[in-house]
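To keep things clear, I will list the structure first and then write my remarks on it.
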Amino acid sequence: MSADFDRKSARTFDKIQLILITLAMVFHTEGIDARQLIDGRTVEETQLRYLTMLHRYLKDKYPQKADSKLANAVMMIHEAKEAHDLHKKRLPI
């Protein structure tokens with residue numbers, strides 16, 4: 001039970017964190033064909049800008065835990081993409 005609690009508390013985000021994670025997720029380009037984007041480099045730079053803002057915010061709010069909280073946020077973005085990929089591959093009902 002404590003492992004579930006620890007996992008849940010590690011994924012608790014305030015409003016600012018949630019907004020920055022959402023914006024980084026919007027500009028996530030992994031798995032997108034570069035030909036589909038007019039300027040993929042700008043999209044990647046924009047995502048990096050939001051992740052940098054998130055990291056600075058976390059360092060200010062949680063000096064000792066900022067790196068692990070950023071890693072959790074990046075992992076959540078990756079897991080959301082995996083969930084989307086699985087959803088696209090599911091069989092129609």
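Each reported figure results from applying straightforward, stated rules to the coordinates on display, with no laboratory input. From a predicted model like this one, the values you see are computed outputs, not experimental measurements.
So what J values fall out for the range 20-28 if you push phi through Karplus, 6.51 cos²θ - 1.76 cosθ + 1.60 with θ = phi - 60°, rounded to Hz, Gly and Pro as x?
Here the 3J(HN,Hα) series is 5, 5, 4, 5, 5, 5, 4, 9, 6 Hz.
Straight distance only, please: which lysines reach the Cα of residue 89 with their own Cα at less than 25 Å, same-chain residues fewer than 8 apart left out?
Straight-line reach from residue 89, under 25 Å: 81.
Sequence neighbours fewer than 8 away in the same chain don't count; with that in mind, list the aspartates and glutamates whose C-alpha is under 14 Å from residue 65.
6
If contacts are Cα pairs under 8 angstrom and at least 6 residues apart, what is the relative contact order of the range 26-93 in percent?
Dividing the mean separation by the residue count of the range 26-93 yields 19 percent.
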